[in-house]
Amino acid sequence: MKEKIKNIKEEALNNINKVNELKSLDDIRVKYLGKKGELTLILRGMGALSKEERPVIGSLVNEVRDEVENLISKKEKELKRNILEENIKKESIDVTEPSKKESIGSIHPITKVIDEVKEIFIGMGYKIEDGPEIETAHYNFDQLNTPLIHPSRDLQDTIYITDDILLRSQTSPVQARVMERQKPPIKIICPGAVYRADSVDATHSPVFHQIEGLAIDKNITMANLKATLEAFTKMYLGENIKIRFRPHHFPFTEPSAEADVSCFVCGGKGCRVCKQEGWIEIVGCGMVHPNVLRNCGIDPKEYSGFAFGFGVERIAMAKYGIEDLRLLYENDIRFLKQF
Ligand code: DAH
């Protein structure tokens, strides 16, 4: 029996010395000292020994128990200290190391164009208005004198939510909303997102931005419209930029026009940005149709006005020489950092 206890002791001490994980150390504790542990079992079996043997074996087992227990708790402390030291090493911070540079974002080119255009029109006495992006067909089309058969109403062009509710396809409905609630004189611009059922390519996106403008007062004429847009163009794009008006059709203006500016990348000679034309179309405009004024409670005999709608991406692309619209939406930091 003594031999057996001696063997258990040697094996246990050996195992404890070799161990290098807390989990395995616990297994050793269970193996020798647990309820069914080897030393525990010997103590439990003491009844079978002779009277003389009992105290000798009993004290021997208890001695070994104490020794094993002590060694285990020493080892446990050692392992815990190692873990702590390793963690401290891993998590240490070198306070002398130079800090990472904080990177600060820049204004997105679309926001930049909107802000700059706003600034110029505010300088000309315009107020900024806003309107819903989820709009009714009533404001997006009916109030703007758009015939029921007009192609822009088509499902292929406009994104509908229900038969009457849609994602606005233009910022023009804001004109109608403003005219309904304000008395002339009115001078407003409204920047914002618009939506069309277009698939993405270098010049199309299902969401893009427009800036709507509206001026209503007594004796407003086409000359005021031309002068306003010319003044804006020169202020925004430069003194030597030319602007030309071409006749066009919009249901909500009569007469209607589109205006092009001379290409500010090549100066009108023709380049990739203006597609060799020397001109870039940036705005639709015209004199507000009498039906639109009437629909919104303004008497066309007393008041007249002009309206215009810029394409923001168009201006941004032309101003910064961007050839692919998708760059404006991909949020590649290397591209955006340039503005
Ligand atoms: N809403 C037009 C479009 O999306 C742009 C436009 C043209 C707006 C003429 C106007 C305007 O206010 O008078 O193509």
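Can you list residue pairs whose Cβ atoms sit under 6 Å apart, with the first residue in the range 241-252 being assigned by TED's automatic domain parsing to the domain that holds ILE315 and in contact (Cβ under 8 Å) with a residue 12 or more places away in the chain and the second being assigned to a strand (DSSP E or B) and away from the ligand (no atom under 12 Å from the Cβ)? Count only pairs 6 or more apart in sequence or on different chains.
Going by the 6 Å Cβ cut-off, the qualifying pairs are ILE241/VAL261; ILE241/SER262; LYS242/SER262; ILE243/VAL261; ARG244/ASP260.
What is the residue count in the range 207-223 for residues that are within 15 Å of the ligand (Cβ to nearest atom), out of contact with any Gly (no Cβ under 9 Å at 6 or more places or on another chain) and not aliphatic (A, V, I, L, M)?
Final tally of qualifying residues: 1.
Run HIS204 past the list (1) at pLDDT 95 or above; (2) within 16 Å of the ligand (Cβ to nearest atom) and report the number of the one that doesn't hold.
So the condition that HIS204 fails would be (1).
Identify, please: which residue in the range 270-298 is in a loop (DSSP other than H, G, I, E, B) and touching a residue at least 60 places away in the same chain (Cβ under 8 Å) and is, among those, nearest to the ligand (Cβ to nearest atom)? Steps first, answer last, please.
Of all residues in the range 270-298, those in a loop (DSSP other than H, G, I, E, B) come to 270-278, 289, 296-298.
With touching a residue at least 60 places away in the same chain (Cβ under 8 Å) added as a condition, the list becomes 289, 296-298.
Values: HIS289: 9, CYS296: 13, GLY297: 18, ILE298: 15 Å.
Per the stated criteria, the residue is HIS289.
Just checking, how many residues over the range 254-266 are in a loop (DSSP other than H, G, I, E, B) and in contact with a Cys (Cβ under 7 Å, 6 or more places away or on another chain)?
3
Residues in the range 242-253: is at least one within 22 Å of LYS226 (Cα to Cα), in a loop (DSSP other than H, G, I, E, B) and more than 15 Å from the ligand (Cβ to nearest atom)?
So far as the range 242-253 goes, yes, one or more of its residues are within 22 Å of LYS226 (Cα to Cα), in a loop (DSSP other than H, G, I, E, B) and more than 15 Å from the ligand (Cβ to nearest atom).
Among the candidates ILE149, ILE134, ILE88, which residue alone is free of Cβ contacts under 8 Å to residues at least 60 places away in the same chain and within 31 Å of the chain's Cα centre (by Cα)?
Within the list ILE149, ILE134, ILE88, the selection yields ILE134.
Show me the strands (runs of 3 or more DSSP E) entirely contained within the range 101-196 in which 3 or more residues are of a type outside the set (S, T, N, Q).
Because the criterion is at least 3 residues that are of a type outside the set (S, T, N, Q), the strands (runs of 3 or more DSSP E) in the range 101-196 that meet it are 165-167, 186-195.
The values are calculated or read from the model by the stated rules, or taken from the named source; none is laboratory data. Computed from a predicted model, the values in this text were never measured in an experiment. In this analysis, Cβ positions are derived from the backbone assuming ideal geometry, glycine residues included, and neighbour counts consider all displayed protein chains.
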